[in-house]
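Notes to accompany the following structure.
Please treat every number below as a calculation from the coordinates, not as lab data. Because the structure is predicted, anything quoted here is derived from the model rather than measured. Cβ placement follows ideal geometry from the backbone for every residue including glycine, while neighbour counts extend to all protein chains displayed.
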Amino acid sequence: MSLTNTSQAGDQLSSLLWNLGNGILMSDEEQVQFTYDSLGIYTICLSISTGQCQDDTCVVLDLTEPCLVFVPDFAFTVNQSNLSVQFIDLSEGGANQWLWGFGDGTTSNDQNPLHYYDAPGEYTVCLLAQNTGLGCNASLCTTIQIGLTATTEETRRNLALQVFPNPVPQRRPAFTLEGLLDRHLGKTLSLEVYDMHGKTILTKKVDGQKRLNLHLPALLPAGVYFAELRSEDNYVYRAKVLVE
């Protein structure tokens, strides 16, 4: 959690105090970053003083949703000699179901699958993890190189985009992406949308915008799709889109 003081005062502040609602107080910090140890409802208050005036404001933060701590993650080890990859699930939050998409059209429901690729190349691997008891699901994708020697030019920076609305209806799967860096606004980006099997649904060039409006083909099968934007300076943006 990140908190930033945006208070306005006619005089210079003489004191600033954050009350994080769990017994912890932090003073004289314009910006606070903090991680709570447990789920719950916390009342966060900020008190400021200029010497002549004093005021405070409070907000209630609801952290009771159990899926807040459900985070998919995985590690992998590549054997370049036989094009195999051992994937290790590192998801947090009690995952009990897994769906892996290896980017070559094949999938697995194993927790820690060993996968063999037929040919060298660059593959986008996605993990959709679920906790069926709590109703949590989340996904993570990353690009791996099999049988290739990586160079500094191939090093990419992975950034997440926000999707609105999400999910989208099958009859009109239109959505907006937000979160591009300023350096990519007005620049040409390569868009690829693919499904959990790595099958490409859409590819085209787009102009970088703060709010990038996109349309998928109508009547796509319901499921999880991934939008990927690549810049000429090797940045990669990714977003998960649900079609229902």
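Data overview
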read-out: Antiparallel bridge percentage (DSSP; both residues within the chain; nearest 5); value: 95 percent
read-out: 5 angstrom amide H check on LEU63, placed H, neighbours 5+ away; value: GLY40, ILE41, TYR42
read-out: Added length on full extension, which subtracts the Cα-Cα distance from 0.36 nm per residue, ALA160 to GLU192; value: 10.1 nm
read-out: Relative contact order for the chain, counting Cα pairs under 8 Å that sit 6 or more residues apart, in percent; value: 13 percent
read-out: Cα-projected label distance for THR200 with ASN79, points at 7 Å along beta-carbon direction, nm; value: 3.1 nm
read-out: Segment SER38-ALA119, length gained on full extension (0.36 nm per residue, minus Cα span); value: 24.6 nm
read-out: Span per principal axis, largest first, for the Cα atoms of the chain (Å); value: 73, 42, 42
read-out: Lysines with Cα under 17 Å of LYS187, excluding same-chain neighbours fewer than 8 positions away; value: LYS204, LYS205, LYS210
read-out: Under 14 Å from the GLU178 label point (7 Å along Cα→beta-carbon), backbone N, the range 52-77; value: none
